[in-house]
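The values are calculated or read from the model by the stated rules, or taken from the named source; none is laboratory data. Keep in mind the model is a prediction, meaning the values are calculated, not measured. Quick reminder, even Gly has a Cβ in these numbers, built from the backbone with ideal geometry, and neighbours come from all protein chains shown. In case anyone asks, the SASA skips ligands and DNA or RNA and just uses the protein heavy atoms, side chains included. Shrake-Rupley method; radii C 1.70, N 1.55, O 1.52, S 1.80 Å.
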Amino acid sequence: MKTEFSLAQLADPDIKEADRILRACVHCGFCTATCPTYVLLGDELDSPRGRIYLIKEMLEKDRKPTEAVVKHIDRCLSCLACMTTCPSGVNYMHLVDQARVRIERDYSRPLPERLLRWTLALVLPSPKLFRWSLRLARLARPFAGLLPTPKASATPGLLRRVKAMLAMAPSRLPQPGPVGGSVFAAAGERRARVALLQGCAQQVLAPRINQAAVNVLTRHGIEVVLVKDEQCCGALTHHMGRDGDALARARANIAAWTAEAGRGGLDAILVTTSGCGTVIKDYGYMLREDRDFAGPAARISALAKDITEYLAGLELTAQQRQHGDIVVAYHSACSLQHGQKITTLPKELLSKSGFVVKDVPESHLCCGSAGTYNLLQPDIATRLRDRKVANIASVKPDMIAAGNIGCMMQIAGGTSVPVVHTIELLDWATGGPRPGPN
Ligand code: SF4
Ligand code: SF4
């Protein structure tokens, strides 16, 4: 794609990067076929190619984002299916991240929208606030029926979103898991020492996931540390264009993990929420212009691994086949398959552990979770969820496995089939408990 940035514009490292990305696009449109919003809405401006044009116009002309730009960028799930499909290697992720930052900086959303986004950015990264907000949502839910029901829309209003949020709050919450600073000793001789990301929403909704990871790792001779002073990885606010917040969190985590590596050594930083893993692996890029953090950020990104990526390098000791012939539909989270290009490893681990693993038709299409997307765009998200659930049902599974809490909650909202994390099944297969509700 031909671009016309001025030399002065190209002096800005972000614009220089955008220019490089835009020039790689040859407008072939292959990406439209796998873009969930284009598949659903059929509007070129809701396709990757359409969005790339909108972003190009905004950046090149140095224009404030228009209402149309904001609408179509907001509808993008950042699922990155377009990056997997693109034959030219267009880095849509870094381009749309930049567009979101500009929208956040230069576009004035209506007050209720600003308040909603501010609240989400405050509450979701804080386990304490998130726990309290879920308790409040539970109390408020019986009254949700008294509110008028707005029509489903690809441009939903505040009321529609609030109702969707209340509906999503779980009816009970598990007890909190272990706190930062906890160390879990390896069983037998220690082979390695790793940090396990505690996550923010996940530790409130399903601490059983990290418990399963600790079980599997320690059982295989790995010492696990939950690093004190670690915080939300920044993914949630990063995807909302709030880069100041996201980068501050990234720096704080880099400092905490680097200090831990200096104290006891770290062979890896393991992540059980693939949405977080994708962003931590991108810390090196996000902080590339930061004189103090560029080097440490690149080192931390190199240490970050999805839990399945790490376990694939170990020989898992399968116990007796206590689970029988369980049919597992494997849902490939977008952040894992498109963001981190981890596609077959989780399925191989499950198959080797004795599960009958089934691929889900249209597995490249997002389930609609996508960070805060199902809260901000509930109608598109629900259509995607229903499509995903129907595809999953077609393989008649006993269980559904996924590597991302957002997808797990989203899919569980549309099916009665148990939805578990891949690591819970691997824990079960190697001697742990059968996965069940919290
Ligand atoms: S597939 Fe790649 S090169 Fe083709 S239009 Fe989409 S982003 Fe551009
Ligand atoms: S990230 Fe997903 S929703 Fe956004 S343009 Fe790419 S394929 Fe479409």
Residue count for region 86-111, restricted to those that are open to solvent by 40 Å² or more (accessible area, probe 1.4 Å) and touching a helix residue (DSSP H, G or I) at 6+ places or on another chain (Cβ under 7 Å):
5
State which residue is nearest to ligand 1 (Cβ to nearest atom) when the search covers only region 51-68 and only residues that are charged (D, E, K, R) and under 18 Å from T3 (Cα atoms).
R51
When both residues are 6+ apart or on different chains and their Cβ atoms are under 8 Å apart, which pairs have a first residue that lies in region 71-95 and is over 17 Å from G275 (Cα atoms), and a second that is near ligand 2 (Cβ under 10 Å from one of its atoms) and among the hydroxyl-bearing types (S, T, Y)?
R75/T37; T85/T34; C86/Y92
Condition (residue is within 15 Å of ligand 2 (Cβ to nearest atom) and outside any helix (DSSP H, G or I)) applied to region 98-109: is it met by at least one residue?
no
Looking only at region 1-39, count every residue that is outside any loop (DSSP other than H, G, I, E, B) and either among the charged types (D, E, K, R) or within 16 Å of ligand 2 (Cβ to nearest atom) (or both) and tell me the total.
19
Sole exception among (1) of a type outside the set (F, W, Y); (2) part of a helix (DSSP H, G or I); (3) open to solvent by less than 60 Å² (accessible area, probe 1.4 Å) for C79, by number
(2)
Against the conditions (1) out of contact with any helix residue (DSSP H, G or I) (no Cβ under 7 Å at 6 or more places or on another chain); (2) within 11 Å of ligand 1 (Cβ to nearest atom), where does K71 fall short? Just the number, please.
(2)
For G50, work out the one condition from (1) closer than 17 Å to C334 by Cβ; (2) within 9 Å of ligand 2 (Cβ to nearest atom) it doesn't fulfil.
(1)
Against the definition (open to solvent by less than 60 Å² (accessible area, probe 1.4 Å) and either of a type in the set (D, E, K, R) or within 25 Å of N215 (Cα to Cα) (or both)), how does V328 come out, yes or no?
yes
Enumeration of residues in region 24-50 that are over 21 Å from the mean Cα position of the chain (by Cα), crowded, with 18+ Cβ neighbours inside 10 Å and either among the basic types (K, R) or near ligand 1 (Cβ under 6 Å from one of its atoms) (or both)
C25, R49
